2 protein chains.
Amino acid sequence: MRIPILKLHNYLLISIQEEMDDKTAVQFQEDLLNKIHTTGASGVVIDLTSVEMIDSFIAKVLSDVVAMSDLMGARVVLTGIQPSVAITLNDLGVHLQHVQTALDLERGLKKLHQELGD
Amino acid sequence: MRIPILKLHNYLLISIQEEMDDKTAVQFQEDLLNKIHTTGASGVVIDLTSVEMIDSFIAKVLSDVVAMSDLMGARVVLTGIQPSVAITLNDLGVHLQHVQTALDLERGLKKLHQELGD
């Protein structure tokens, strides 16, 4: 199944579920970039609240999608990163530098509003 | 895979994808009711923009989930119903009476704001 991407005003909202497999992750990457292109979204919030474990492949996809979205002109904020996920990301050496993060979806959207002013 | 349910302030946002099978639909029903219970959400927006076809089972689940959420005290707005889906729902005799609808997610949220005032 594809991961739903919601459009809210100028932003795209995505909630990642724990059970995301590799195929879904790659499809998600493609879908998100296409959606940024078609909607002209200026910001993206990817919510990881439901994710309790992350492997190196998913971490790589996430890190890539942030960089690619950035290239396309859409700012990404990751929200709801759980302690276990933060530990794994750090252990894997995926530092997600230059990536904005926030505690939850509301704060992620607020961050985008403040940064992008729209 | 489970359908992600996003929490935004007092509301829950869900985007249904076309490929939803019967098992996913039943799981979604259970997940949504649990989420309403745990978050105390006062409103729910179910976005159907990506749904181009609907069968009688999914229509029944949707209609049920609206009634059940209402019983639990959460108002549901369906958004983005496409012409083909509207035709099918009407043909199936699923009138979704007393269900609020709106053109897109933004307007659905606005409708909830206006009705619930929060």
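Values quoted throughout were computed directly from the atomic coordinates according to the rules given, and no laboratory measurement underlies them. Just so you know, these numbers come straight off a predicted model, no measurement behind them. Cβ placement follows ideal geometry from the backbone for every residue including glycine, while neighbour counts extend to all protein chains displayed.
For region B:16-49, how many residues meet the condition of being among the hydroxyl-bearing types (S, T, Y) and either touching a residue at least 60 places away in the same chain (Cβ under 8 Å) or away from chain A (no Cβ under 11 Å) (or both)? Even if it seems obvious, please write down each step before you answer.
Of the residues in region B:16-49, the ones among the hydroxyl-bearing types (S, T, Y) are B:24, B:38-39, B:42, B:49.
Okay, now just the ones that are also either touching a residue at least 60 places away in the same chain (Cβ under 8 Å) or away from chain A (no Cβ under 11 Å) (or both), so B:38-39, B:42.
Here the count works out to 3.
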**Prompt:** Does B:S56 fit the bill of being out of contact with any Ser or Thr (no Cβ under 6 Å at 6 or more places or on another chain), touching a residue at least 60 places away in the same chain (Cβ under 8 Å) and more than 11 Å from chain A (Cβ to nearest Cβ)?
**Reply:** no
**Request:** Could you please find all residues in region A:87-118 being in a helix (DSSP H, G or I) and of a type outside the set (A, V, I, L, M)?
**Result:** A:T88, A:N90, A:D91, A:E106, A:R107, A:G108, A:K110, A:K111, A:H113, A:Q114, A:E115
**Request:** Scan region A:61-75 and report the pairs whose first residue is closer than 15 Å to A:L89 by Cβ and whose second residue is in a helix (DSSP H, G or I), with Cβ atoms within less than 7 Å and a gap of 6+ or a chain change.
**Result:** A:V61/A:A25; A:V61/A:V26; A:V61/A:Q29; A:D64/A:Q29; A:V65/A:Q29; A:V65/A:L32
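Quickly run through region A:1-51 and pick out the residues that are of a type outside the set (S, T, N, Q), in a loop (DSSP other than H, G, I, E, B) and touching a strand residue (DSSP E or B) at 6+ places or on another chain (Cβ under 8 Å). Steps first, please.
Here is the first cut: in region A:1-51, the residues of a type outside the set (S, T, N, Q) are A:1-9, A:11-14, A:16, A:18-23, A:25-26, A:28, A:30-33, A:35-37, A:40-41, A:43-48, A:51.
Still in the running and in a loop (DSSP other than H, G, I, E, B): A:1-5, A:9, A:16, A:18-21, A:40-41, A:48, A:51.
Scanning region A:1-51 gives A:I3, A:P4, A:I5, A:I16, A:A41, A:L48.
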